[in-house]
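First up is the structure itself, then whatever we jot down about it.
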Amino acid sequence: MIEVNAVYVLIARDLKKFVREKGRLVSTLARPLIWLFLVGGGMSRLVSPGMGMSYIQFIFPGILGMTILFSSIFSSISIIWDKEFGLMKEILVAPVSRFSIVIGKALSGTIISVIQTAVILLLLPFLGIKLSFLSVPYTLGVAFLLAFCISSLGIIIATFFENLESFSSIMNFIVMPMFFLSGAMYPVQKLPEILRHLAKINPLTFGVDALKHAIFRENHVYDFPLFTDLGVLIISSIVFVVIAGFSFERK
Amino acid sequence: MPIIKVENLSKTFDALTAVDNVSFEVDEGTIFGFLGPNGAGKTTTINILCTLLSPTSGKASIAGHDCVKEPSEVRKAIGIVFQDTTLDKDLTAYENLMLHAYLYDVKRNEMKSRIDDALYFVGLYERRDDLVKKFSGGMKRRLEVARGIIHRPRVLFLDEPTLGLDPQTRANLWEFIVGLPKKHNVTIFMTTHYMEEAEVCDSIAIIDKGKIIASGTPEELKKTIGGDVIYIRTSDNEKARSEIEKLFGLEVSEKDNELFLTTLKGDACIPEIIKAIGEKVLSVRLQRPTLNDVFLKMTGKQIREINGSSDDTIREAVRAYRRRHS
Ligand SMILES: Nc1ncnc2c1ncn2[C@@H]1O[C@H](COP(=O)(O)OP(=O)(O)O)[C@@H](O)[C@H]1O
Ligand SMILES: [Mg+2]
């Protein structure tokens, strides 16, 4: 019971703060919309991915993936804030398992990411992008798995850093490469060979691919079977949670 | 009955031995003071006791549970107010305590009443719905003490609870720390580098450079200094001096036109001395030994020389700097 309580209260705390910081929802929604229209709109003139769709449509799952990536990583990185400003100590001396702490943190990042995904999906009709009705729950389900995977990866990253100076290195050397090597902007098959191999060890690649399955359904723009995508997301989530739990142990 | 037992505890960071073969016991229901200058190893010892650090060697147990082997049992038995604040500044006072109550599995139907009681106890009930970032240093400290007792711990650790507070707030905080053992049935383990604050402790250990250099009750420790010092000025110091020496068998010295002598129970001696000597007494004062004197005697240094008064200010400045540049 205590473990369930701990998971619950860690999620409640993050959601409460998310709701309080009204600017955060707006700014995290602004980024994907800007990308969709500036990058997607601009590139549509230059490239055509074929497959019977415009570039702006093609990158839509990738932009959702980006939203989930940023929002999940940000949520997990808040652990570094908590270390710097002390609350982490209060959590670590509580009689709860380190795994509950990791799961609570990962779920709060997941829920916030799924909320953002849902808001973007709600905006779609106004942006002239059509989505079949069944795609919505399907997309949210995939978003949940991907967000949980990225959030738990974010927790591992956060345990290695003690202060906020490291934030920009995390963005430059982890988050941005993950985004560009994920098939979000271009099909993985079209990447040069070395980058293609790198893309295949990136969990975001499989998340974006699963989002392509969910959004385009019959349209064959994906790189891997759905079964592979979901398998990779689930297995890597479990591995990340275990590693994160152990990396929280005392020194 | 000792509730905290520490045996030959050591902790080494790379080449530095922060805690060096430390042993002590703390009895249940008492206030134990762990005294020493900055960098003596107080916080490191607390971190080991509260299961955040593992010791390099030695043993520690709280309420019969080993701090290394049964961390979960130890965590249930303790509450901690860390040296640096560990509140969530973006939550309200009430929400911070709620977070704590959930993490410690306080029963759902008792949660509200326990939080309210704790808030009343520290005088913050009226401010319960304010964000913690609006609180002063003293209010944050009080809130942390309230948080520390919500789950009814058997031992409450207070690491430098009065650091950086103004004298008035310090005095107030002390008043209710001293009331804690009776009201909340808890043993207090506190550290400080203000020696005068430790007078209220039932027992004390003085630590310097990782080693315990003295321990006992404040009275016992002060006795090692040799007792109180009485200063007397009379109309004829020479005569008075020889009278006191003859009648009481005490050694009397003179400095700056003032006689002084060391004795146990100085307050009781003063009337005797005044009655006994024929000379007119112009002034009398009594100086009791302080724990600072004990520290001075044990180490040959004043604790103030080591601390330097500006360390808090420097720490604050460094934190502010890091915040700005992140
Ligand atoms: N994590 C750490 N790594 C290296 N040295 C440390 C660490 N924590 C404390 N120390 C060192 O151990 C010594 C004791 O520190 P501490 O226990 O914080 O002292 P106190 O609380 O008595 O002021 C200091 O010299 C400090 O620099
Ligand atoms: Mg300290």
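The values are calculated or read from the model by the stated rules, or taken from the named source; none is laboratory data. Quantities reported herein were computed from a predicted structural model and do not represent experimental measurements. A quick note on method: Cβ atoms are made from the backbone with ideal geometry, for glycine too, and the neighbour counts reach across all protein chains shown.
Restricting to the stretch B:63-91, give me the number of residues that are within 20 Å of A:Ser97 (Cα to Cα), more than 7 Å from chain A (Cβ to nearest Cβ) and free of Cβ contacts under 8 Å to residues at least 60 places away in the same chain. Outline the logic, then answer.
Of the residues in the stretch B:63-91, the ones within 20 Å of A:Ser97 (Cα to Cα) are B:65-80, B:86.
Checking which are more than 7 Å from chain A (Cβ to nearest Cβ) leaves us with B:65-71, B:73-74, B:77-79.
From what's left, free of Cβ contacts under 8 Å to residues at least 60 places away in the same chain: B:65-71, B:73-74.
Qualifying residue count for the region: 9.
Filter the stretch B:193-228 for residues that are in a strand (DSSP E or B) and touching a Gly at 6+ places or on another chain (Cβ under 7 Å); which is nearest to ligand 2 (Cβ to nearest atom)?
Here is the first cut: in the stretch B:193-228, the residues in a strand (DSSP E or B) are B:203-208, B:211-216, B:228.
Right, trim to touching a Gly at 6+ places or on another chain (Cβ under 7 Å) and you get B:203-204, B:206-208, B:228.
Values: B:Ser203: 20, B:Ile204: 16, B:Ile206: 15, B:Ile207: 11, B:Asp208: 13, B:Asp228: 32 Å.
Applying the filter and picking the extreme gives B:Ile207.
Here is a yes/no grid of residues against (1) of a type in the set (Lys, Arg); (2) buried (at least 20 other Cβ atoms within 10 Å of the Cβ); (3) under 30 Å from B:Thr263 (Cα atoms):
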{"residue": "B:Val178", "(1), (2), (3)": "no, no, yes"}
{"residue": "B:His184", "(1), (2), (3)": "no, no, no"}
{"residue": "B:Ala198", "(1), (2), (3)": "no, yes, yes"}
{"residue": "B:Asp202", "(1), (2), (3)": "no, no, yes"}
{"residue": "B:Thr224", "(1), (2), (3)": "no, no, yes"}
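Does B:Ala60 count as within 15 Å of ligand 1 (Cβ to nearest atom) and in contact (Cβ under 8 Å) with a residue 40 or more places away in the chain?
yes
How many residues are closer than 21 Å to A:Ala94 by Cα and at pLDDT below 85 when one looks only at the stretch B:135-188?
1
Taking only the stretch A:185-203 into account, find how many residues are free of Cβ contacts under 8 Å to residues at least 12 places away in the same chain and either in contact with a helix residue (DSSP H, G or I) (Cβ under 7 Å, 6 or more places away or on another chain) or in a helix (DSSP H, G or I) (or both).
6
Just checking, which of A:Ile91, A:Ile68 is among the aliphatic types (A, V, I, L, M), over 18 Å from the mean Cα position of the chain (by Cα) and buried (at least 16 other Cβ atoms within 10 Å of the Cβ)? Spell out the reasoning first.
Numbers: A:Ile68 fails: over 18 Å from the mean Cα position of the chain (by Cα).
The unique qualifying residue is A:Ile91.
Looking at the stretch B:1-30, which of its residues are among the acidic types (Asp, Glu) and either within 16 Å of ligand 2 (Cβ to nearest atom) or farther than 14 Å from B:Ser203 by Cα (or both)?
Answer for the stretch B:1-30, where residues must be among the acidic types (Asp, Glu) and either within 16 Å of ligand 2 (Cβ to nearest atom) or farther than 14 Å from B:Ser203 by Cα (or both): B:Glu7, B:Asp14, B:Asp20.
Which residue out of B:Lys107, B:Lys11, B:Lys5 is more than 8 Å from every other protein chain (Cβ to nearest Cβ), modelled with pLDDT under 95 and surrounded by fewer than 24 Cβ atoms within 10 Å (Cβ to Cβ)?
Working: B:Lys11 fails: modelled with pLDDT under 95; B:Lys5 fails: modelled with pLDDT under 95.
Checking each option against the conditions leaves just B:Lys107.
Of all residues being away from ligand 2 (no atom under 16 Å from the Cβ) and closer than 21 Å to A:Glu84 by Cα in the stretch B:55-93, which is surrounded by the fewest Cβ atoms within 10 Å (Cβ to Cβ)? Just the residue, please. Quick ask: steps written out before the conclusion?
Residues of the stretch B:55-93 away from ligand 2 (no atom under 16 Å from the Cβ): B:55-79, B:87-93.
Checking which are closer than 21 Å to A:Glu84 by Cα leaves us with B:79, B:87-93.
Working: B:Gly79: 25, B:Leu87: 24, B:Asp88: 23, B:Lys89: 15, B:Asp90: 18, B:Leu91: 20, B:Thr92: 18, B:Ala93: 28.
Ranking the candidates gives B:Lys89 first.
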